[in-house]
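Colleague: Got a structure for you, questions after.
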Amino acid sequence: MQMVITILISGILTDNFVLAKFLGICPFLGVSKKLDTAVGMSVAVTFVMVLATLVTYPLYKYVLLPKSLDYLQTILFILVIAGLVQLVEVVLKRFIPPLHRALGIYLPLITTNCAVLGVTLLHFTNANVSTFPLALLNALAGGLGFLLAMVIFAGVRGRLETCDIPKALQGLPITLIAAALTSLSFLGFAGLADGLFG
Amino acid sequence: MISILIPVCIVSGVGAVFGVILSVAAVLLEVPVDKKQEAIREALPGANCGACGYPGCDGYAEALAQGSVTAMLCAPGGQAVRTKLAEILDLDVGSFKQVSAFVQCAGSYYNTSNKMRYVGESSCAYANQIFAGPWSCPYGCLGYGDCMAVCEYDAIQVMDGVAVVDAEKCVACAKCVAACPKSIIAIAPTDHTARMACSSKDRGAQVKQLCTAGCIGCTKCVKSCPEGAIHMVGALARVDYEKCTGCGTCTQSCPQNCFEIS
C-alpha cells in the first residue's frame with residue numbers, strides 16, 4: 001500500500017514527466033491552448049502509456065533481459081509502441097467511432113512521443129517499481145501527471161491571453177517562460193514522496 | 001555470428017509480426033468510406049482552418065457528400081478548389097456559390113442622423129452599450145470599425161459611416177461576423193444573388209424617420225419574387241439564398257432600395 005501511494009505521488013507530483021523530467025514538451029506546448037483539447041490529449045497519452053507498459057514490460061523482463069539483449073530496448077520499444085498505437089487507432093475507428101472522433105487525431109501525434117517512450121524505459125531504473133502491476137500503476141501515474149501539467153498550463157495560457165505582454169515576448173517566448181515558471185513551482189513537491197513514510 | 005543473428009532476428013521478427021497484424025487489421029477492420037467523400041476530402045486544401053464552420057476539412061467533406069450543404073464555404077480553397085468540388089459534386093460551377101461577408105445595413109451618414117453626441121471609446125462594442133449607439137436606428141451599423149480591426153485581409157472598410165465588404169478580398173473567415181456587436185454581418189453568396197441591406201426590426205413610418213434606406217415591412221418584395229425566395233421575419237425581409245436566382249425583381253419592387261444584386 002505504501003508503495004502504491006509513493007508511486008502515485010512521485011509519478012504525479014515529484015517526478016512529473018513533463019515538468020520535472022522534461023519529456024513530452026511538444027504536446028505540452030502545442031496542445032495546451034484550449035482546455036478541452038488539452039484534456040483529450042492527456043487522456044490519449046495516459047491510455048497509450050498504460051498500453052505500452054502492458055506490452056513492453058514483459059517483453060523486456062522475460063525476453064530481452066534473460067538473453068542479455070537489453071541494449072535492444074530502445075529500438076524494440078519504439079517499434080512496439082508505434083505498432084500498438086496504429087492498431088489501437090484502427091480498432092477505435094471500426095468499433096468506437098465517437099471515441100475515435102474525439103481522441104483519434106491525437107493518436108498519431110503520440111506514436112513516437114518521448115514521454116511515452118520515457119515511461120516505458122524508466123520503469124527499469126525506478127527503484128520503487130519492482131513488479132508488473134506496480135509498473136502499470138507507474139504508467140498510470142505518469143499519465144495523470146501529464147494530465148495535471150496540461151490542465152494547469154492550459155489555465156496559465158488562458159490567463160496570458162488577457163495580460164499586457166511586451167512586444168518582444170509575445171507568442172512563444174512568454175509561453176516558454178511561463179512553462180519554466182510552472183516547472184519551477186513543481187519543485188516545491190521535492191522530497192514529498194520520500195518523507196511521507198519516514 | 002550467432003550473437004549478431006539473434007538480435008537481428010528478434011527485431012525483424014517483432015517488426016514482421018506487427019506488419020502482419022496491422023495489414024490484417026487494415027483489411028478486416030476497414031470502415032467503408034464514401035468514395036465521393038474521399039474524393040471531396042482529397043480536393044480540399046486540408047488546412048483544417050474551420051472557416052467553413054465545420055470541424056475541419058473532414059467535417060465539410062462529410063457535409064458536402066451527404067448533401068446537407070450546397071455552398072462553397074472553403075475560403076482558403078479559392079477558385080481552383082471551387083471548380084474541382086463542382087466537378088465532383090456534379091454541379092454547375094455557377095450554382096456552386098462562392099460566399100463572402102455582407103454587412104446588412106445601408107445606414108450611411110446620408111441616410112441616418114444622430115440621436116445623441118457620443119464621446120467615448122471609438123469602438124462599436126463600447127458605443128453599443130450606451131443606448132444602442134449614437135445613430136438614429138438602434139439596429140444599424142455604428143461605423144467605428146470593430147470589423148475593420150479584426151479583418152486580416154483588408155476586405156472591410158467603413159465608408160461614409162457604414163461598413164462595406166469588398167467581396168474580391170473577402171475569404172469568408174467570419175471574424176467580422178463575430179466582432180460585430182449588433183450581429184448584422186452575415187455570410188452570403190457572392191454572385192447572382194440578392195442581398196438585403198437592412199437589419200431593422202421596426203416597421204413603416206418609424207423606420208422612415210430613422211433611416212431613409214431601411215426596410216419598412218411593406219412585403220412588396222415577398223409578393224414580387226418569382227422564386228418565393230424572400231420571407232418576412234417580423235417586419236424585416238430576408239432572402240433564402242438557396243432559392244434566389246439573382247433575377248433582380250426585388251431591387252425594382254422595393255421602395256426603399258434595400259436590395260442589391262451582386
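Readers should treat all values here as calculations from the given coordinates under stated rules, not as data from a laboratory. Quantities reported herein were computed from a predicted structural model and do not represent experimental measurements. We place every Cβ from the backbone using ideal geometry, glycine too, and count neighbours over all the protein chains shown.
Colleague: So which helices of chain B fit the span-like rule, where a helix is a whole DSSP H run, its Cα atoms reach 24 Å or more along the axis, and its mean Kyte-Doolittle is at least 0.0?
Modeller: Details: long enough: B:2-28 (38 Å, 2.55).
Taking the DSSP H segments of chain B (at least 24 Å long, mean hydropathy at least 0.0), we get B:2-28.
Colleague: Let me ask another. Among rounded, prolate and oblate, which fits segment A:2-193 when a ≥ b ≥ c are the square roots of the eigenvalues of its C-alpha gyration tensor, a/c under 1.5 means rounded, and a/b larger than b/c means prolate?
Modeller: Since a/c reaches 1.5 but b/c is at least a/b, the shape of segment A:2-193 is classed as oblate.
Colleague: Moving on. Just to be sure I follow the rule: in segment B:99-261, considering lysines 8 or more places apart or on different chains, how many pairs have Cα atoms under 25 Å apart?
Modeller: 14
Colleague: Using DSSP loop states and a limit of at most 15 other Cβ atoms within 10 Å to flag trypsin sites (Lys or Arg not before Pro), what is the longest stretch of chain A containing no flagged site?
Modeller: Between exposed loop sites, the widest span is A:68-198.
Colleague: Report, ordered by chain and residue number, the aspartates and glutamates lying within cross-link reach of B:Lys36, taken as a straight Cα distance under 18 Å and ignoring same-chain residues fewer than 8 apart.
Modeller: Hits, sequence-local ones excluded: B:Asp58, B:Glu62, B:Glu87, B:Asp90, B:Asp92.
Colleague: Just to be sure I follow the rule: in segment A:1-121, considering lysines 8 or more places apart or on different chains, how many pairs have Cα atoms under 27 Å apart?
Modeller: Lysine pair count for segment A:1-121: 5.
Colleague: Whole-Hz ³J(HN,Hα) for each residue in segment A:23-31, computed from phi via Karplus 6.51 cos²θ - 1.76 cosθ + 1.60 with θ = phi - 60°, x for glycine and proline: what do you get?
Modeller: 9, x, 6, 4, x, 4, 7, x, 9
Colleague: Positive end of the charge dipole of segment B:88-184 (Lys, Arg +1 and Asp, Glu -1 on Cβ, about the Cα centre): tell me which of B:Ser136, B:Ala172, B:Gln98 has its Cα farthest that way.
Modeller: Sorting the options by dipole projection puts first B:Ser136.
Colleague: From the Cα gyration tensor of segment B:99-261, with a ≥ b ≥ c the square roots of its eigenvalues, which class applies: rounded if a/c is under 1.5, or else prolate if a/b is larger than b/c, or else oblate?
Modeller: On the way: a/c = 2.25, a/b = 1.25, b/c = 1.80.
It is oblate, given that a/c is not under 1.5 and a/b is not larger than b/c.
Colleague: Okay, next question. Would you mind calculating the relative contact order of segment A:2-193 from Cα pairs under 8 angstrom and at least 6 residues apart, reporting the percent as a whole number?
Modeller: Relative contact order for segment A:2-193 comes out at 44 percent.
Colleague: Related question: List B:Tyr109, B:Tyr144, A:Tyr57 from most exposed to least, where exposure is judged by having the fewest other Cβ atoms within 10 Å.
Modeller: In increasing order of surrounding Cβ atoms, one gets B:Tyr109, A:Tyr57, B:Tyr144.
Colleague: Taking the Cβ of each residue in A:Asp15, B:Asp34 as the centre, tally the other Cβ atoms inside 10 Å and list the residues starting with the fewest. Kindly include the intermediate steps, with their values, before the conclusion.
Modeller: Values: A:Asp15 23, B:Asp34 13.
With the sparsest Cβ surroundings first, the list reads B:Asp34, A:Asp15.
Colleague: In percent, how large is the relative contact order of segment B:99-261, given Cα pairs closer than 8 Å and 6 or more residues apart? Don't jump to the answer; show the numbers that get you there.
Modeller: Working: 353 pairs, mean separation 38.9, N = 163.
Once divided by the residue count of segment B:99-261, the mean separation gives 24 percent.
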